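Here the structure comes first, spelled out in structure tokens, and everything after it is commentary.
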Amino acid sequence: MVLWLAYNAPHTPFHLPPNGLHFQGNSPTDQASIDANPLPYYMAMLEAMDTEMGRLINSMSEEEKENTVFIFIGDNGTPNQVVQEYNNFRAKGSVYQGGVNVPMVISGKDVVRVNDIEDALINTTDLFATISELAGNSTSEVNDSKSFKGLLTSSTSNTREYTYTEVGNDTGGSNYTIRNSTHKYIYFDDGSEAFYDLSINPLENPNLLNPNQLPLSAENSAIKDELTTRLNEIRQ
């Protein structure tokens, strides 16, 4: 059995769950207090979610737990009101890392790697093929969904060279981005571009295409050309 738990980070408003579900103290529940300092309310909501997940898992029999793969994944970044590491304009709803690089935790049946971190490129579409293969089907790739089942036992089973993301905006256009293991290219709806070396600065600074920056090195220029070529192929 596969238990897939997707956390949908809220937009607004935040709220304070019952005290039995969190340990953030007795904060005021009026909207003005929440708007003035939303972070503890957000933390309380995360703790409440964790508590309820624990109750769900603890309600399962040992036989059920031993035959279940647990997949927990965030949907699309942290709301800008409570983002901490990233710029608040580069969080939920954006194509920056703060909006598209979300956590995923997998444990349970046949998951050999424990307390391990994986840097392989994975897209949420890959869950389809992965869950299918975990369920016993032999097909490891369906359309653009690529199974990462091998990563549950070995860190050498990388399935993707690139990941692509597109986010629509209110004007009917969209911003889109592509990245490989080290670099990321973004094309914005207004025609501007950005290019980052994530291996040096995962928080996407500086933009290597900024006129104030030095010209791209030959290596970075080749990587940018490779990414934009692949991007154009995907969008055709």
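The values are calculated or read from the model by the stated rules, or taken from the named source; none is laboratory data. Remember, predicted model here, so these are calculated numbers, not experimental data. Cβ: placed from backbone, ideal geometry, glycine included. Neighbour counts: every protein chain shown. Keep in mind that these areas ignore ligands, DNA and RNA; they rest on the heavy atoms of the full protein, side chains included. Shrake-Rupley method; radii C 1.70, N 1.55, O 1.52, S 1.80 Å.
In summary, the helical segments of the chain meeting the span-like criteria, namely a full DSSP H run, a Cα extent along the axis of 15 angstrom or more and a mean Kyte-Doolittle hydropathy of at least -0.5, are 39-58.
Coupling constants for the stretch 15-23 follow from the phi torsions by the Karplus curve (6.51 cos²θ - 1.76 cosθ + 1.60, θ = phi - 60°), and in residue order they are 8, 9, x, x, 4, x, 9, 8, 10 Hz; glycine and proline get x. Ellipticity at 222 nm from helices only: DSSP H runs of n ≥ 4 in the chain, each -39500 (n - 2.57), divided by the residue count, give -8000 deg cm²/dmol. Taking 7 Å steps out from each Cα toward its Cβ at N232 and L216 produces label points 1.2 nm apart.
Reducing the stretch 60-97 and the stretch 200-214 to their Cα centroids gives an inter-centroid distance of 26 Å.
Would you please put 162-170, 73-81 in order of how densely packed they are, using the mean number of other Cβ atoms within 10 angstrom per residue and starting with the highest?
Numbers: 162-170: 14.6, 73-81: 17.4.
Descending packing order for the listed peptides: 73-81, 162-170.
Lysines within cross-link reach of K92: Cα-Cα under 20 Å, excluding same-chain residues under 8 positions apart? Once the sequence-local lysines are set aside, what remains near K92 is K184.
Once you compute Rg and the Kirkwood Rh from C-alpha atoms, what is the Rg to Rh ratio for the stretch 130-210? Mind showing how you got there, number by number?
On the way: Rg = 16.6 Å, Rh = 15.1 Å.
Using Cα coordinates only, the ratio equals 1.10.
D50 contributes about 100 Å² of solvent-accessible surface, heavy atoms of the protein only, 1.4 Å probe.
The fraction of all Cα pairs in the stretch 15-67 landing in successive 5 Å bins from 0 to the largest distance is 4, 20, 23, 17, 11, 9, 8, 4, 4, 1, given as whole percents.
From the Cα trace of the chain, what convex hull volume per residue do you get, rounded to a whole Å³?
Details: hull volume 37.6 nm³, N = 236.
Cα convex hull per residue, to the nearest whole number: 159 Å³.
Within the full protein context, the accessible area of H22 is estimated at about 10 Å² for a probe radius of 1.4 Å. The fraction of all Cα pairs in the stretch 11-136 landing in successive 5 Å bins from 0 to the largest distance is 2, 9, 14, 17, 18, 16, 13, 8, 3, 1, 0, given as whole percents.
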